[in-house]
Amino acid sequence: MKLGINGMGRIGKLSLWTHVARKRFSGIVVNLGRDVGMNLQDLAETVEKDSTYGRLTQFLHGVHGQRVIENLDEAAGTMTIDGVPVRFLRSGRNPKELAWRENDVQLVVDCTGVFIDPTRSPDAPEGSLRGHLQAGATKVILSAPFKVKSQGLGMPDDAVTTVMGINESVYDPEHHSLISAASCTTTCLAFMMKPLLDHFGVERILSASMVTVHASTSSQTVLDAVPAAGAKDLRKSRSIMNNIILTTTGAAKALRLVLPEMGDVGFMAESVRVPTSTGSLTILTVNLQSESRERPINRTDINTLFREASQGAYRDYLVYSDAQNVSSDMIGFPKAATVIEGQETHTRTAFIRINLDRVPDLSPEIRATLESLPKHILEAPVTQVVVYGWYDNELGSYANMLADLTSHVADQMI
């Protein structure tokens, strides 16, 4: 089976690296949509070198690695990368016009970040994710969360969002043609929330919030620029090299697609961009209902929970660490959706005083049973938990897990 990759930005390029390393596919076809540099050799150098992860040969073979790109054919746009035939398409950006059928590609990973609306028609003038299906693909994986842009439209029946290790079983090869791999932040967050949901149950999680301290992305400007016409967020045009930039994240919404029970939890998500190339951090705060005055939930309980989860059901993608890590330690950390920083787990239990006279919609029957409470005040132990989770938002976490999902889908196409 051949694999198609649309776009060679950060995730597209690192997906190419990952699949070349894994040798799962007999060939790879990458759509660039344009020429690169002066010739195919310039493109080969672009593939070979990376400012964050070094050279492809070292990634594949370590310090003894030799150059792995050979057999360049300018006219055909082909080369061999570590023995894997790779063809680059250098014309056409609209998915419905891409030569997937001509190149015998049935599975495509769209890494452009442009075609994210699963409801858009394949004939949309600006292009659409469904265009890949019209061009010959039978399955399309999106390296981003779906975003339905037309109000009133719901998620199509043939579209599904999955995170490997969490809910990949919801993918039905008979019905789903479009598969979203969510985002790097949603992936990290899912592995932080799922062990808590498993242990405490949704009924004991009173509220939750998260902040991702996120490395810069290619959508940000290197130096200050003039905002585009109609731009609402002027901060996106400020230099990522010199600033901490407040922005938004769709992680909370996407998390509910992966963990539907989160729809019953009050949840907020915020994002801060910082001037690093990769290596990000999720800070999760959860308020839990404790069930004991004498022994409330404590730090040891939470760390034990994550340590056991990392050795059990989630061992393929969840890592527990007692080390003192920094963000660069995460660069290239293999297949870790989340690395829990156990030393920084914090808990604090307080007795929340609730005035029942101010509780809306409390039935008369329940109110009557609580009349004996002094001043109608109910005290409940609530533990606030803060957990830190690292992730390499490019290669180590996301591109590796995207590759696992791609292989998972491919295995069921045979």
- line: Expected sort for GLU261, GLU294 with the fewest Cβ neighbours (10 Å cutoff) up front is GLU294, GLU261
- line: Given the candidates THR349, TYR388, PHE333, the one whose Cα lies deepest towards the positive end of the charge dipole of region 324-414, counting +1 at each Lys or Arg C-beta and -1 at each Asp or Glu C-beta, is THR349
message: Testing the spin-label approximation: label points 7 Å from Cα along Cα→Cβ at GLU74 and GLN106. State their distance in nm.
response: 3.7
- request: Assuming R0 = 35 Å, can you tell me the calculated FRET efficiency for the pair LEU206 and ASP322, based on Cβ-Cβ distance, to the nearest 0.05?
  value: 0.80
task: Identify the residues of region 24-54 with backbone N under 20 Å of a label point that sits 7 angstrom from the Cα of ILE414 along the Cα-to-Cβ direction, or state none.
output: 24-29
- prompt: Roughly how many debye, to the nearest 20, is the charge dipole of the chain about its Cα centre, given +1 on each Lys and Arg Cβ, -1 on each Asp and Glu Cβ, and no other charges?
  reply: 680
- request: For every other residue with a beta carbon closer than 15 angstrom to the beta carbon of PRO227, add +1 if it is Lys or Arg and -1 if Asp or Glu, then tell me the sum.
  value: +2
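Test of understanding: what is the full-extension gain from ALA225 to LYS49, defined as 0.36 nm times their sequence separation minus their Cα-Cα distance?
Between ALA225 and LYS49, full extension yields an extra 60.6 nm.
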field: Antiparallel DSSP beta bridges within region 314-414, percent to nearest 5
entry: 75
message: What are the extents of the Cα atoms of region 2-156 along their three principal axes, in Å, largest first?
response: 56, 30, 28
- prompt: Which value results when the Cα radius of gyration for region 185-395 is divided by 2.2 N^0.38 Å?
  reply: 1.21
task: Mind pulling the angle between the C-alpha long axis of helix 400-411 and the longest principal axis of the chain? Nearest 10 degrees, somewhere in 0 to 90.
output: 70
message: Please list, by residue number, every one of the GluC sites (Glu not before Pro) in region 324-372 that is coil in DSSP and has at most 12 other beta-carbon atoms within 10 Å.
response: GLU371
- prompt: Of all trypsin sites (Lys or Arg not before Pro) in region 176-238, which ones are in loop regions per DSSP and have a Cβ with at most 15 other Cβ atoms within 10 Å?
  reply: LYS232
query: Kirkwood Rh, Cα Rg: Rg to Rh for region 241-353?
result: 0.98
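Could you list, in their original order, any pairs among LYS147/LYS194; LYS49/LYS232; LYS13/LYS335; LYS23/LYS49 whose Cα atoms are separated by more than 27 Å?
Values: LYS147/LYS194 23 Å; LYS49/LYS232 36 Å; LYS13/LYS335 17 Å; LYS23/LYS49 20 Å.
Distance filter (> 27 Å) returns LYS49/LYS232.
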field: Rg to Rh, two decimals, where region 21-89 supplies the alpha carbon set and Rh follows Kirkwood
entry: 0.95
Cα centroid separation, region 251-290 to region 169-194 (Å): 15
statement: Counting all Cα-Cα pairs in region 80-175, those more than 24 Å apart amount in percent to 26
- prompt: How much net charge surrounds SER239 when only the other residues with a Cβ under 15 Å from the Cβ of SER239 are counted, with Lys and Arg +1 and Asp and Glu -1?
  reply: +2
- request: With label points built 7 Å along Cα→Cβ from the Cα atoms of SER292 and ARG353, find their separation and express it in nm.
  value: 2.7
- prompt: Taking only Cα atoms, what is the 0 to 90° angle, nearest 10, from helix 184-200's long axis to the longest principal axis of the chain?
  reply: 30
query: Share of antiparallel DSSP beta bridges in the chain, in percent to the nearest 5?
result: 50
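According to the square roots a ≥ b ≥ c of the eigenvalues of the Cα gyration tensor, what is the shape class of region 170-236, taking rounded for a/c under 1.5, prolate for a/b larger than b/c otherwise, and oblate for the remainder? All intermediate terms of the calculation are to be shown ahead of the outcome.
Details: a/c = 2.89, a/b = 1.58, b/c = 1.83.
Judged from the Cα gyration tensor, region 170-236 comes out oblate (a/c at least 1.5, b/c at or above a/b).
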task: Using only Cα atoms, tell me the angle between helix 10-22 and the longest principal axis of the chain; keep it within 0 to 90° and round to the nearest 10.
output: 80
- line: One would report the antiparallel percent of DSSP beta bridges in region 2-156, rounded to the nearest 5, as 35
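Every number here is computed from the coordinates shown, using simple stated rules; none is lab data. The structure displayed is predicted, hence computed values, not measured ones. FYI the Cβ positions are ideal-geometry reconstructions off the backbone, even for glycines, and counts take in every protein chain you see.
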